[in-house]
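Asks: Handing you this structure, nothing more for now.
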């Protein structure tokens, strides 16, 4: 075999190896809409770690990709606000978890909402999720809690239009 053919074979083998090894571990996602602004913008591209929760559970503050509970063919990206065992309430748009005001500097002042939500205890293996643009997000306030098995993985980095980790 010629050197050129060996090069082509090596490149194809490397691509297949990456597809077999990296594919199951990571997923490339695209943000549609502004529900996670300013953290993530419309059409941003992100990498989701599918194995992030293989040895641990999602935690409060994680930005995750999840299957929409009402139509699991759709995927959403949201922030976990409360996890199993937490007590959550919302007063005039301010979120309290375990009677402590949630520090949410990632929410822009003009993106705050003003709704109220009575106190609720989050069941085990369930999560309350919200978008960072609270006044323009379809999330747990509208369609309820997310079960752990609907969480695809943790968003680890934005790769386009600029590279950066998430707040």
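Coordinate-derived values only; no laboratory data. In this text, all values refer to a predicted model and were calculated from it rather than measured experimentally. Neighbour counts run over all protein chains shown; Cβ positions are idealised from the backbone, glycine included.
Asks: If you average the alpha carbon positions of the stretch 114-141 and of the stretch 34-63, how far apart do those two centres end up, in angstrom?
Replies: Spelled out, the Cα-based centre of one part sits 16 Å from the other.
Asks: Per 0.36 nm of contour for each residue apart, how much would the distance between residue 87 and residue 103 grow if the chain were fully extended, relative to their Cα-Cα spacing?
Replies: Here the answer is 4.2 nm.
Asks: Among 111-122, 87-98, how do they line up by average Cβ neighbours within 10 Å per residue, starting with the highest?
Replies: Ranking the peptides 111-122, 87-98 by packing returns 87-98, 111-122.
Asks: Using only Cα atoms and rounding to the nearest 10 degrees, what angle (0 to 90) does helix 3-22 make with the longest principal axis of the chain?
Replies: 20
Asks: Here's something else I'd like to know. Arrange 78, 167 by Cβ neighbour counts within 10 Å, fewest through most, would you?
Replies: 167, 78
Asks: Suppose each label sits 7 Å from its Cα in the direction of the beta carbon; what would the residue 120-residue 136 distance come out to in nanometres?
Replies: 2.5
Asks: Rounded to the nearest 500, what is the 222 nm mean residue ellipticity of the chain from helices alone, with -39500 (n - 2.57) per DSSP H run of 4+ residues and division by all residues?
Replies: So the calculated ellipticity at 222 nm is -4500 deg cm²/dmol.
Asks: Working out 0.36 nm times the residue gap between residue 54 and residue 68, then minus their Cα-Cα distance, what length gain in nm do you get to one decimal?
Replies: 3.0 nm
Asks: Moving on. With no solvent and one point on each alpha carbon, what is the Debye value of log10 I(q)/I(0) for the stretch 26-160 at q = 0.12, 0.16, 0.19 Å⁻¹?
Replies: With one equal scatterer per Cα and no solvent, log10 I(q)/I(0) is -0.42, -0.77, -1.11.
Asks: Using a Förster radius of 45 Å, what is the FRET efficiency between residue 165 and residue 6 based on their Cβ-Cβ separation? Nearest 0.05, please.
Replies: Between residue 165 and residue 6 the formula returns 0.70.
Asks: For the stretch 26-160, give me the percentage of DSSP beta bridges that are antiparallel, rounded to the nearest 5 percent.
Replies: In the stretch 26-160, DSSP labels about 100 percent of beta bridges as antiparallel.
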